[in-house]
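Each remark here refers to the structure printed beneath this line.
The values are calculated or read from the model by the stated rules, or taken from the named source; none is laboratory data. All values derive from a computational prediction rather than experimental measurement. Here the Cβ positions follow ideal geometry from the backbone for every residue, glycine too, while neighbour counts run over all protein chains shown.
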Amino acid sequence: MDSEKLRAVASAIVSNGKGVLAADESTPTIKKRLDSINVESTEPTRRRYRELLFTTDGIESYIGGVILFDETIRQSTIDGVPFARVLSERGIVPGIKVDKGAKALAQYPGEKVTEGLDGLRDRLIEYRELGAGFAKWRAVIQIDEHDIPSPSGIRANAHALARYAALCQEQDLVPIVEPEVLMDGAHGIERCEEVTSRVLEAVFSELDAHRVLFEGMLLKPNMVIAGKKCARQNSPEEVAEATIRCLNRYVPAAVPGIVFLSGGQSAEEATANLNAMNAMGSHPWEVSFSYGRALQTPVLAAWQGQERNVAAAQQALFKRSRLNGLARYGKYSQ
Ligand code: 13P
């Protein structure tokens, strides 16, 4: 394990106000996104869409890493340049989603555990050869009645995240550790804080037990936020206060960066919440973004699958990237 390289790559992804573009939708998920604009999901349409994203001029000022899917890291521009090379030549680190999705956890109805550890070492070696500098694994935690998530469900997911992170570092890939507490449901912000606290505590305990180098990883958590169906939604200042309190308690200062997922927040909400956190002052870690939908929804809306709209779609990506770049310094205003 090359600790210096891991530290350098993890820090570079979040340096100078930069964040991450999550473009690692699996084939079923990208189909949903393309369906929303009536574009058929085929290998050529997925390739065209990803080329549009990765060749947008100027995003390298705000985007330090892009997460790719297995199909995408093997694809190239129309001119034959592999996507991983297009990105790295612009100073953007290519990354790869390596989990195999969240599956039902046996004996725990309503809970899931993420699969993908079998054969992972060999897959990581191949991805590194294809140009990846980092990887991502997403655990999914649902909030439901009082006993969901269970301690066993949290522990199973934390353990898998830690085994994944240790394997990544063994192969000199920076792990992005993503324990996502979903915003589905009617729970309030307090319940989200309680569950996120238990999850982060378990995750860092397992990471430590598996000898993961905190300086050579990034954390991709949910924000502490009320469920989508909760009648009381909170202001960005309230979300920021609860989220930073929770992270201060459970995330070691040695971790170089927190890169939030957007999780179903609108593009504007995700930027406003990130801005409010950075407006509070400085934190032990870079407080940044790794947004999928909050960066891409406006791009899809502008593109509509039409060549004549490519420039407008790229402008939409540049705009969201720039605004999240401002939010990294607490300088965004709606
Ligand atoms: P969202 O920002 O759309 O939640 O996607 C981020 C991601 O990579 C989820 O794994």
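Just give me the residues in region 288-304 being more than 13 Å from Q315 (Cα to Cα), of a type outside the set (S, T, Y) and touching a Phe, Trp or Tyr at 6+ places or on another chain (Cβ under 8 Å), in sequence order.
Correct list: F289 only.
Go through region 53-79 and count every residue that is over 20 Å from L124 (Cα atoms), in a helix (DSSP H, G or I) and free of Cβ contacts under 8 Å to residues at least 60 places away in the same chain.
2
Restricting to region 80-93, name every residue that is of a type in the set (A, V, I, L, M) and assigned to a helix (DSSP H, G or I).
Let us first name the residues in region 80-93 that are of a type in the set (A, V, I, L, M), namely 81, 84, 86-87, 92-93.
Scanning region 80-93 gives A84, V86, L87.
Evaluate the following for E145: is it more than 16 Å from the ligand (Cβ to nearest atom), surrounded by fewer than 19 Cβ atoms within 10 Å (Cβ to Cβ), at pLDDT below 95 and not hydrophobic (A, V, I, L, M, F, W, C)?
Details: more than 16 Å from the ligand (Cβ to nearest atom): yes; surrounded by fewer than 19 Cβ atoms within 10 Å (Cβ to Cβ): yes; at pLDDT below 95: yes; not hydrophobic (A, V, I, L, M, F, W, C): yes.
When the stated conditions are applied, E145 passes them.
Tell me, yes or no, whether region 104-112 has at least one residue that is of a type in the set (G, A, S), buried (at least 16 other Cβ atoms within 10 Å of the Cβ) and either closer than 21 Å to P28 by Cα or within 14 Å of the ligand (Cβ to nearest atom) (or both). Write out each step before concluding.
Within region 104-112, the first condition is being of a type in the set (G, A, S), and the residues that meet it are 104, 106, 110.
Now restrict to residues that are buried (at least 16 other Cβ atoms within 10 Å of the Cβ): none.
For region 104-112, residues of a type in the set (G, A, S), buried (at least 16 other Cβ atoms within 10 Å of the Cβ) and either closer than 21 Å to P28 by Cα or within 14 Å of the ligand (Cβ to nearest atom) (or both): absent.
Would a scan of region 205-218 turn up a residue that is part of a loop (DSSP other than H, G, I, E, B), farther than 24 Å from D118 by Cα and aliphatic (A, V, I, L, M)? Explain how you work it out, then say what you get.
At the first step, the residues of region 205-218 found to be part of a loop (DSSP other than H, G, I, E, B) are 210-213, 217.
With the extra rule that they be farther than 24 Å from D118 by Cα, the set shrinks to none.
No.
What are the pairs, 6+ residues apart or on separate chains, where a residue within region 121-141 that is at positive phi has its Cβ under 8 Å from a residue that is of a type in the set (S, T, Y)?
G131/S88
Return the residues of region 85-102 that are touching a residue at least 40 places away in the same chain (Cβ under 8 Å) and either out of contact with any Phe, Trp or Tyr (no Cβ under 9 Å at 6 or more places or on another chain) or surrounded by fewer than 16 Cβ atoms within 10 Å (Cβ to Cβ) (or both); say none if nothing qualifies.
R85, S88, G101
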